[in-house]
Every structure is written in structure tokens, then in C-alpha cells.
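Report on the structure given below.
The values are calculated or read from the model by the stated rules, or taken from the named source; none is laboratory data. Only a predicted model underlies this, so the values are computations on that prediction, with no experimental measurement involved. Reconstructed Cβ throughout: ideal geometry from the backbone, glycine too, with neighbour counts over all protein chains shown. The protein model used for the area step is the full one, side chains on, heavy atoms only, and it has no ligands, DNA or RNA in it. Shrake-Rupley method; radii C 1.70, N 1.55, O 1.52, S 1.80 Å.
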Amino acid sequence: QDEEKWDFVLVSDIHEVGSEKETKRKKFLDELSKKGFTIKKIEDKKLFYGVRAPKQIFRKYQWLLRNPDSRLQNPDVHSDIPVTTRIRIVNFILQNTITSDLEKLHDLMKKKVFEAAFPLHEKEEVREFLKEKWARWRDIFCQQPIEKIRCYFGEKVALYFAWLGWYTYLLGIAAVVGLVVFVAGITVFNSSQVSKEICEASNTIMCPLCDQKCPFWLLSDTCTYAKVTHMIDNEGTVLFAMFMAIWATVFLELWKRQRATVVTDWDLYRWDEEEEELAMELINNLQHEPRQYQHSYFRSTIILLLVLVMIALLIGIAHALVIYRVIATALFTQSNSEFLREQANTMAVMTGAVLHYITIVIMTKVNRRVALYLCDLEKPRTFSQHENNFTVKIFTFQFFTNFSSLIYIAFFLGRINGHPGNYVRIAGKWRLEECHPSGCITDLFIQMAIIMLLKQTISNVMEYLVPWIAHKVRKQRLRPKKRSMMLGEEEEAEDPCKRQWLSNYQLGEVNFFSLFDEFLEMVIQYSFTTIFVAAFPLAPLLAFCNNLFEIRLDAIKMMRLRRRIVPRKANDIGIWLQVLEAIGILAVIGNGLVIAITSDFIPMQVYKYTYSPCMMENSTGVDCSTGYINHSLSVFRIQDFEPYTQVPKMLLDLEIKEYRDYRNSDDYSYTVQFWHIFAARLAFLILFEHAALCVKLIAAWYVPDVPQSVKNQFRDRKHSNLRKELRWVMPQRFQ
């Protein structure tokens, strides 16, 4: 039975005898035969070649990479090599076998000599266990069998699922706290003093929101919007932002401990990737010379400039979305529909968010191609280095794709638009958007809610449906040939391997990106969950619900819909850890800026403790935020409007209208209150960020990266090995 186990299957079209493709294929297979590989050919609608490596290759691997601590005790033991290691070695040799034309398998696949190369899903006990106990929707709340995943898919995939499980587990805590903060916000829905003032401001006439056909409006018209804003923008949100900054640090510190425990159990804690790669190079070719480390400042400068150009393009797309919202607001306000006219701003934000999601989907594909091109320019020395370089570039591009528009809404919307009589305009025509009198935080909330919901519904549905439909179509198209074979091929048609190879070929293709895409999706989600969480306390809850499904979705794809992924050895999640730590720092900065700039928290505190009735004598029983809305509005004379703005003649006699800003009524310069609030915002930002970063550092120090049990385990192992070595040496040397 062992003789019928094949390490890899190569698939090729049936080429004409004597054609260039057929010659190249034969040369490659001949090279494998010279290395002692057994090759089996099966013909159907395609040509299938099963390859099995000789045993001495694996013996060489075991000898070169045996545990140095055990060299003296059992130098001749050849234990069975795990299937995952076997596949990894064979894949390395296949990818690095060079034909007499100096072509590798990668080049031959580009030239369509071979169509596919993949390891097989074997009908083994581990696979059946994973299919029944892991890759099923009903197991959504069950613990994952990480050890079994490692035995079937290798350490890299197992560590991904271990990390995702740990992240989801700790997200549960953040989700509960976020939900409590949100529910607490709902309870003050009707009781906020600021909302009451807006709802009662039936005499406060506000400046029009656009130049043409936009009426003057009453502040009380936006009563519901104000209540929603103060449901999100309250003291609880500030505490939650601080909590999430600490949570991000504790999560990473606890993950480092978890990872140390897991890889110690696998005996991989001190595993050296470079040594493994050099060993495999020598097994493949004894004459191999290692590539030297190189660094070119010129090449690095070119790549840096190209990355900056790409970032500028992504920021340009965010600007295009801003222009869309400005024009959409102008068009909605001139619509015949009363609903569109009244909700012009909200509709522009919502349609802008949908458009933003579409740009994310499109630019993700563009970003990948650009990042790959830049990595090829860099000429990295190893696959691991290539992966790290690619990860940093694609994450940078994806970050700007996902967050440029949110950064604009959070920090620039309503702050760079000028004031009545002197508006900032796009192309000298359209006015930039303004913040709602209740603040900009609701716009940020809407944008984040729409993008997160769309990403977690449409993207996940597509992620499952596309491979599922593709699998069904391939299965239908590649049914085995019926008995229309020649007499001599009768026996080959009945080959027991044929059905297995064909069923594996019908599954979806896997490549370098298969696991990478899952990691990238989760890290971008982690960014949404932490960076602007002050504006969207429900983000951890949405992420938690999504991840429960994501774990099983990824499991089903890997076990049932895709070919077997080539196992990779690893003892951590690689450069993703540094990316997550960078996001943790960005989360502190982002949330500090949201509270200081986007939220009305600081202006309200300044009002309460400086200008409010509470600061006057005999103010017992008065809410300290009474009068805040009137204080935050500035007065404008109608006759000072620009010629662009159409004002009914009967209103020209009225003296003043109001708008949200801190400006003097005579020359529209900033008031003392503006500078007071500006100083308070700056002071809060510095204080919040230093406090949060200090807490992060304390948390990182308080929770050791490596558990003491792991350290003790290593010490005991060293002690035991030294004792054995001494016992082995002493009788020979000193007797």
C-alpha cells in the first residue's frame, strides 16, 4: 500500500509528439528520474504524473537536521518522517530542479508545459477527523484541534488557526465591553442635555448647506441625528478607546506566551529557518553555493519612491471620494424627492461608503500586482524574505486604501471648509462638506458600519461561493473518460490512483497567496477593530461574530474545496506580529485624535468647566452642559453671503443666521474660545497618548513573552542532555 502513496502530482495537457512543450516536459521528468524519483503516468483528458521521492532524500534531511542534543545518544535512528515534511521537501526539489535548458518548474508552468503541481489529499485518519470535527458549521463554538491541523497542513497553517482562535477568544471580551458602552449610550438617548437643546432650538435658524435651492433650516429639524450622535459621542466612548489600546497590547503579549507554549510542544522554539533552507538546497544539489546577503541603496531608493507614488495615488482616490460626496450632496439637495433633500448629507455619506467599499475591492487586486512587481525589483534572497517584503508593501497599500477616506472624515471633514461668505470650493464651484451641528463622529460611525458590514457579508459570501461554484463547474467539466480507450490502455483506465488524482485536480487551486490572503483579511479587520473604535464601539462585536464563521469557512475551504496546501514549517506568525504591534501604536494615536478632534468631548468639557452655568454662583441643580449648543454656534450676517448663494429677497432684511464654529460676528476671525478649545484638544491628545503608551509598556512588561514553564522545560532538557553526554563520555575517557 505504501508503494501507491505519491508525494506530488504534475498535470499537463496532452501535447503533440515531438512538439517543444513535450520535449521540455520530458527533459524535466528525466531530471527527476536522475535524482531517483519514481514517476507514474496516467492519461485521461489530461496527462497526470505521480512522483515519489527516494527514501535516501529523507534520510539525508533527517541526518542534517537531527536534534544536535541527541547526536551522541542515537546516531543511527531513522524514525518515520512526517507526511508534511515529506511534501515540503519534495515541493522544494520540484521547484528547484533545473533542466538542461536552465528552466525550473515555475518557468515551465508559465509556458504551459505543466498546468498544475500539487500534493494529494490522502484518505488518512487525520483528514477524516478534521473533516468531521473541524471543517463543519455545527462546530462553530468548539475548540480547534490545532495539533491535528499541524499534522495535516504543517506548522504555518496551524499557527494561523491558533492565532485566529486566540484573537477571536479575546475579541469576545472587547465585544462585551463595546456592547455595554453602546447600550449605555442608548440609555442616554433621550436624556442628553445637548440633544434636548437641539430638539428645542426651534428659533435657531441655520445657514443653508448648499448654494442653490438649499433652504435656511431650523436647528430643531436635526433632533434625531443629534440624539444618535450623543449615543455614540459620550464619556463611555473615551474610556472604551483607552480600554481598547490596553486590550491590543495584552492580546499581543498573551499571544506571544501562547505561541511560545505551542511551538515548545512541537520542539520548534529554537528552529532555524535558514539552516533548514540550506540543508534542502544541499539535498537537492550537493554543488549548491548559497546566495550572499546583498543590499543596494540605489534599488531601495527607487522602491521607496515607487511606494510613495502608489500611496499618493491611493490618497488621490480618497480625494475623488470626497469630491463625489460634495457633488452628491449638491445634487441630492436639488432633488425633487423631499426625503433626499432632507437627508442629502446622510445619503451622500452612505453612498460614498458603498463607493469606498467598491474601490477597496478593485484596489486590493491592483495593490497585489504592484506589491509583487516591487518585490521582484528588490530580488530578495530567500522565499521568506520575499514574503516579508511583500507583506509590508501590501499591508501599507491596503491600509491607505481602507483608511484614507476614514482619516478624511475623522480629521478634516468640516475643518477645512471655510465659513459662510468665504467657503472653500472644489474647482471654484462646489462647497466642501460641513459637519453636522452635533459633530462629525456620526459620519465616521456610518462610514465604518457600512464598510465593516459589507466586508463581512458580501466578501465572506463571495469567499465561500466562488470556490464552491468553481469546484462544481470543474467537477462537471472534468468527468473521467468513459471506455473509449484503445485496447492497450484498458488496464491503465482502471488504475486505482486515477480517481483520486482526478478528484484532487478538480479542487480549487492553491498558491503562495492562499494563506496570505486570510492573514491580510484578519489584520485589516484588526485595524478596523482598534484604530477608530472610539467612533464605532460595535466594531469588536462585528469582528467577533465574523471570526466565528471565518474559522469554519477557512477550514471548509482548505479541507473540501481546495487542493492540499504545501505545508510550511514555522515557529511564529512571522512579520505579521510586527504589523500587529504597529497597528497597536496606530490605535493609540487614532483613538486619541478621534476623541481630541472628531468628538465633541473636549469642547464640551471646556464649556462645562469654564463657561457653563455651573461656574456661576448659585447654580445648584443645573446641568453643566446647559447652553453648550448656543455657545458652539457663531453668528453670520446674510448680506455677507457670496454671489454663488441664492438668498430669497424677503430674507435679506433679516440680520443674522447661525453656523457651527467659534468666530467673531464682526470680522469672522477666531474667538478666544476657539483657541482655548484648541489648546485643550492638544493637551488631551498629548496626555491620552502618553498615558495609553505608558499603560501599553507596563502591560508588555507585566506579561512575560515566554512562560516560566517553557523556560524551565528548556533548562531541564539541557541539564538532562549534558548529564547523558557526560555518562557516555566518562567510561570511555577515564576508565
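As an exercise: evaluate VAL77 against (1) aliphatic (A, V, I, L, M); (2) at pLDDT 90 or above; (3) in a loop (DSSP other than H, G, I, E, B) and give the number of the one condition it does not meet.
That leaves (2) as the condition not met.
Kindly evaluate TYR169 against the criterion of being surrounded by fewer than 16 Cβ atoms within 10 Å (Cβ to Cβ) and hydroxyl-bearing (Ser, Thr, Tyr).
Judged against the criteria, TYR169 is a match.
Considering each of LYS608, LYS569 in turn, give the residue that is at pLDDT 85 or above and not in a loop (DSSP other than H, G, I, E, B).
Only one candidate passes the filter, namely LYS608.
Testing THR364 on (1) under 21 Å from ALA318 (Cβ atoms); (2) open to solvent by 50 Å² or more (accessible area, probe 1.4 Å); (3) free of Cβ contacts under 8 Å to residues at least 40 places away in the same chain; (4) not basic (Lys, Arg), one condition comes back false. Which one is that?
THR364 satisfies every listed condition except (2).
How many residues does region 578-626 contain that are touching a Leu at 6+ places or on another chain (Cβ under 8 Å), over 21 Å from GLU235 (Cβ atoms) and open to solvent by less than 30 Å² (accessible area, probe 1.4 Å)?
Here the count works out to 2.
Which condition number in (1) surrounded by 15 or more Cβ atoms within 10 Å (Cβ to Cβ); (2) modelled with pLDDT of 90 or more is the one that TYR373 fails?
The number of the failed condition is (1).
Any residue that is assigned to a helix (DSSP H, G or I), of a type outside the set (Ser, Thr, Tyr) and over 40 Å from the mean Cα position of the chain (by Cα) - is there at least one of those in region 199-217?
Looking for residues that are assigned to a helix (DSSP H, G or I), of a type outside the set (Ser, Thr, Tyr) and over 40 Å from the mean Cα position of the chain (by Cα), one finds at least one in region 199-217, hence yes.
Give me the pairs: first residue in region 258-277 and more than 25 Å from HIS386 (Cβ to Cβ), second residue hydroxyl-bearing (Ser, Thr, Tyr) and open to solvent by 50 Å² or more (accessible area, probe 1.4 Å), beta-carbon distance under 7 Å, and six or more apart or on different chains, which are they?
Close Cβ pairs (under 7 Å, with a partner that is hydroxyl-bearing (Ser, Thr, Tyr) and open to solvent by 50 Å² or more (accessible area, probe 1.4 Å)) amount to ALA260/TYR269.
Checking VAL510 against (1) within 30 Å of PHE114 (Cα to Cα); (2) assigned to a helix (DSSP H, G or I); (3) in contact (Cβ under 8 Å) with a residue 24 or more places away in the chain, which single condition isn't satisfied?
Status for VAL510: all satisfied but (2).
Residues ILE556, ILE551, ILE585: which one is within 21 Å of ILE394 (Cβ to Cβ) and either touching a residue at least 24 places away in the same chain (Cβ under 8 Å) or part of a helix (DSSP H, G or I) (or both)?
Every option except ILE585 fails the conditions.
Looking only at region 188-205, filter to residues that are in contact with a Leu (Cβ under 7 Å, 6 or more places away or on another chain) and in contact (Cβ under 8 Å) with a residue 60 or more places away in the chain; which one of those is most open to solvent (accessible area, probe 1.4 Å)?
Top of the filtered list is ILE205.
Where residues in region 395-422 are aliphatic (A, V, I, L, M) and in contact with a Ser or Thr (Cβ under 9 Å, 6 or more places away or on another chain), which of them is nearest to ALA587 (Cα to Cα)?
The extreme case among them is ALA410.
Criterion first (open to solvent by 10 Å² or more (accessible area, probe 1.4 Å), touching a strand residue (DSSP E or B) at 6+ places or on another chain (Cβ under 8 Å) and of a type outside the set (Asp, Glu)) does LEU541 satisfy it?
So LEU541 fails the test.
When region 322-344 is examined, which residues are found to be open to solvent by less than 70 Å² (accessible area, probe 1.4 Å) and aliphatic (A, V, I, L, M)?
Scanning region 322-344 gives VAL322, ILE323, VAL326, ILE327, ALA328, ALA330, LEU340, ALA344.
When only residues in region 509-526 that are surrounded by fewer than 18 Cβ atoms within 10 Å (Cβ to Cβ) and modelled with pLDDT under 85 count, which is nearest to ALA175 (Cα to Cα)?
Once the filter is applied, the top-ranked residue is PHE513.
What single numbered condition from (1) touching a helix residue (DSSP H, G or I) at 6+ places or on another chain (Cβ under 6 Å); (2) at pLDDT below 85 fails to hold for PRO68?
Exception for PRO68: condition (1).
Residues being in a helix (DSSP H, G or I) and surrounded by fewer than 16 Cβ atoms within 10 Å (Cβ to Cβ): count how many of those fall in region 279-307.
So the answer is 10.
Of the conditions (1) modelled with pLDDT under 75; (2) within 26 Å of ALA201 (Cβ to Cβ), GLY428 fails just one. Which one is it?
All conditions are met except number (2).
Here is a check on your reading of the model: is GLN500 open to solvent by 40 Å² or more (accessible area, probe 1.4 Å), of a type in the set (S, T, N, Q) and out of contact with any strand residue (DSSP E or B) (no Cβ under 7 Å at 6 or more places or on another chain)?
yes
Quick grid of which residues meet (1) of a type in the set (S, T, N, Q); (2) exposed (fewer than 14 other Cβ atoms within 10 Å of the Cβ); (3) assigned to a loop (DSSP other than H, G, I, E, B):
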| position | (1), (2), (3) |
| --- | --- |
| THR85 | yes, no, no |
| VAL90 | no, no, no |
| ILE93 | no, no, no |
| LEU102 | no, yes, yes |
| HIS106 | no, yes, no |
| HIS121 | no, no, yes |
| ARG138 | no, yes, no |
| PHE161 | no, no, no |
